[in-house]
Amino acid sequence: MSDTPHKLTDEFPDHRTQISHLKQVDGHFARICDEYTEINQKIHLAETDIEPTDDARMSEMRKTRMRLKDEIYGMLVRHEPEAERLA
């Protein structure tokens, strides 16, 4: 299977270290990152017709991915000063 697009580290390349750190220290952040990865994989499988789905389900999954990505980004920018100490 091809490389899955929209991975968090590709979506937020400037936050790679911070993503890794927050996944280790913040259980909620780790959980939503796992949810994002899971739904992103499902979207990829549907888009490549490995596991086809209907348009309504695809739209629902994309909205979920967008909501999770927004929440992740919000947490990343709230913790930016902490990330500067990690660098």
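Here is how the numbers come out for the structure above:
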{"read-out": "Criterion (at pLDDT 95 or above, hydrophobic (A, V, I, L, M, F, W, C) and in contact with a Pro (Cβ under 8 Å, 6 or more places away or on another chain)) met by exactly one of ALA46, ALA30", "value": "ALA46"}
{"read-out": "Extreme residue, surrounded by the fewest Cβ atoms within 10 Å (Cβ to Cβ), among residues of region 47-69 that are touching a residue at least 24 places away in the same chain (Cβ under 8 Å) and among the hydrophobic types (A, V, I, L, M, F, W, C)", "value": "ILE50"}
{"read-out": "Subset of region 52-82 [under 30 Å from GLY27 (Cα atoms) and over 18 Å from the mean Cα position of the chain (by Cα)]", "value": "ARG57, PRO81, GLU82"}
{"read-out": "Selected residue [surrounded by 13 or more Cβ atoms within 10 Å (Cβ to Cβ) and under 13 Å from LEU76 (Cα atoms)] from HIS44, HIS15", "value": "HIS15"}
{"read-out": "Single condition ALA30 does not satisfy, out of (1) assigned to a helix (DSSP H, G or I); (2) aliphatic (A, V, I, L, M); (3) in contact (Cβ under 8 Å) with a residue 12 or more places away in the chain", "value": "(3)"}
{"read-out": "Top-ranked residue of region 52-87 - restricted to ones that are under 19 Å from PRO13 (Cβ atoms) and part of a loop (DSSP other than H, G, I, E, B), ranked as modelled with the highest pLDDT", "value": "HIS79"}
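The values are calculated or read from the model by the stated rules, or taken from the named source; none is laboratory data. What you see is a predicted model, and the numbers here were worked out from it, not measured in a lab. A quick note on method: Cβ atoms are made from the backbone with ideal geometry, for glycine too, and the neighbour counts reach across all protein chains shown.
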